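Scroll down for the structure; my scribbles are underneath it.
The values are calculated or read from the model by the stated rules, or taken from the named source; none is laboratory data. Just so we're clear, the structure is a prediction, and the values are computed from it rather than from any experiment. For neighbour counting, all protein chains shown are included, and Cβ atoms are generated from backbone atoms with ideal geometry for every residue, glycine included. Protein only, heavy atoms only, side chains kept; ligands, DNA and RNA dropped before computing areas. Shrake-Rupley method; radii C 1.70, N 1.55, O 1.52, S 1.80 Å.
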Amino acid sequence: MSVRRLPAPELLVERDAYIGEGPVWDPRAGRVLWIDIPHGTLFSTDPSDGTTSERTLPMAVGVVLPRASGGYVAALQDGFYALPDGGEPELIAPVESADPATRFNDGEIDPQGRFWAGTMAWDASPQRGSLYRLDADGTVTRMLEGVTISNGLGWSPDGATMYYVDTATYRIDRFDFDPVSGDIGERREFVTIREGGGRPDGLTVDSEGAVWVATWPGWGVHRYLPDGALDAIMPLPVSNVSSCELGGHDLRDLYITTAWELLSEEERAAQPLAGSLFRGRVDVPGVPRTPFAG
């Protein structure tokens, strides 16, 4: 089967986010949330015209997601927090708060409303990170340890499989998932990105069960079918493609974040849109988002 080369996405918001990350479609507001990790910046973008507001959080931010009871929930530098619409962050549970050398990096909410997020060392030291699960009652459980760069998370449409990226492995892995307990089974390789394709970063899963994954520094987003076959590539004009999310009114808009971390001065000059938010159009919609149940 030949790999499809999709049309390049459009520029939605021009920014110079150092590590633009975590695009999240919020259907309640009809807006896209995304972040700049080390600067603790939360962006909120109106996709109709790209108008973007900014909120500065008090520390580095790994991901911000909708909360069923209102407002948002976030994985910040040292723990899980509630983010009221108009107030300061409220600590739900500390995580690695005694270790300033680590931070949260990415996360997602499972179909039952549990919040999953993982950590990494600021300097990406090997196996310093872990993957955690926050339940609705505030209980935190460490689900994996020995992780280097905890990254993309997603679930198959039937909820039976969890996908996960530790970027340093060059792999997307999968686990059998128990929707009742939130437990995961044996870790198995789903896809390894081969030489020249970058490393896997953030991901999202569409309604056909295909996995869309950002590649760093791979200049694009890849779509892998449920059997692991590479189906399509959406090219971008920047190398460090960090994450992607299916959203919009019909869940067919692919929002893509990028970064300029690790680029040389010459590379930055050649990639003036690094750190911006892009939007592509796809044929298969995503899966409706579940908010955090807590």
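Okay, here's what the table says:
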{"read-out": "Hits in segment 57-74 - residues which are among the small types (Gly, Ala, Ser) and either within 16 Å of Glu88 (Cα to Cα) or part of a loop (DSSP other than H, G, I, E, B) (or both)", "value": "Ala60, Ala68, Ser69, Gly70, Gly71, Ala74"}
{"read-out": "Residues within segment 168-190 that are farther than 30 Å from Glu90 by Cβ and either of a type in the set (S, T, N, Q) or open to solvent by less than 30 Å² (accessible area, probe 1.4 Å) (or both), tallied", "value": "5"}
{"read-out": "Test: residue in segment 75-90 that is of a type in the set (Ser, Thr, Tyr), in a loop (DSSP other than H, G, I, E, B) and either open to solvent by 20 Å² or more (accessible area, probe 1.4 Å) or in contact with a Phe, Trp or Tyr (Cβ under 6 Å, 6 or more places away or on another chain) (or both)", "value": "no"}
{"read-out": "Residue selected from segment 91-103 under the condition part of a strand (DSSP E or B) and not β-branched (Val, Ile, Thr), by the criterion nearest to Ala60 (Cα to Cα)", "value": "Arg103"}
{"read-out": "Qualifying residue in segment 144-163 (condition: among the hydrophobic types (A, V, I, L, M, F, W, C), open to solvent by 10 Å² or more (accessible area, probe 1.4 Å) and touching a Leu at 6+ places or on another chain (Cβ under 6 Å))", "value": "yes"}
{"read-out": "Of all residues making up segment 1-55, the number that are surrounded by fewer than 16 Cβ atoms within 10 Å (Cβ to Cβ) and of a type in the set (S, T, N, Q)", "value": "4"}
{"read-out": "Residues being under 15 Å from Tyr164 (Cβ atoms) and surrounded by 24 or more Cβ atoms within 10 Å (Cβ to Cβ) - total across segment 198-221", "value": "10"}
{"read-out": "Subset of segment 278-294 that is in contact with a Ser or Thr (Cβ under 8 Å, 6 or more places away or on another chain) and in a loop (DSSP other than H, G, I, E, B) - its residue that is farthest from Phe43 (Cα to Cα)", "value": "Val284"}
{"read-out": "Total residues in segment 122-142, condition surrounded by 18 or more Cβ atoms within 10 Å (Cβ to Cβ) and part of a strand (DSSP E or B)", "value": "6"}
{"read-out": "Exclusive hit being farther than 18 Å from Val282 by Cβ and either open to solvent by 30 Å² or more (accessible area, probe 1.4 Å) or in a strand (DSSP E or B) (or both), set Glu245, Glu195", "value": "Glu195"}
{"read-out": "Count - residues of segment 20-73 that are closer than 15 Å to Pro84 by Cβ, without any contact (Cβ under 8 Å) to a residue 24 or more places away in the chain and among the hydroxyl-bearing types (Ser, Thr, Tyr)", "value": "1"}
{"read-out": "Selection count where residues are out of contact with any Ser or Thr (no Cβ under 8 Å at 6 or more places or on another chain) and among the hydrophobic types (A, V, I, L, M, F, W, C), scope segment 116-133", "value": "1"}
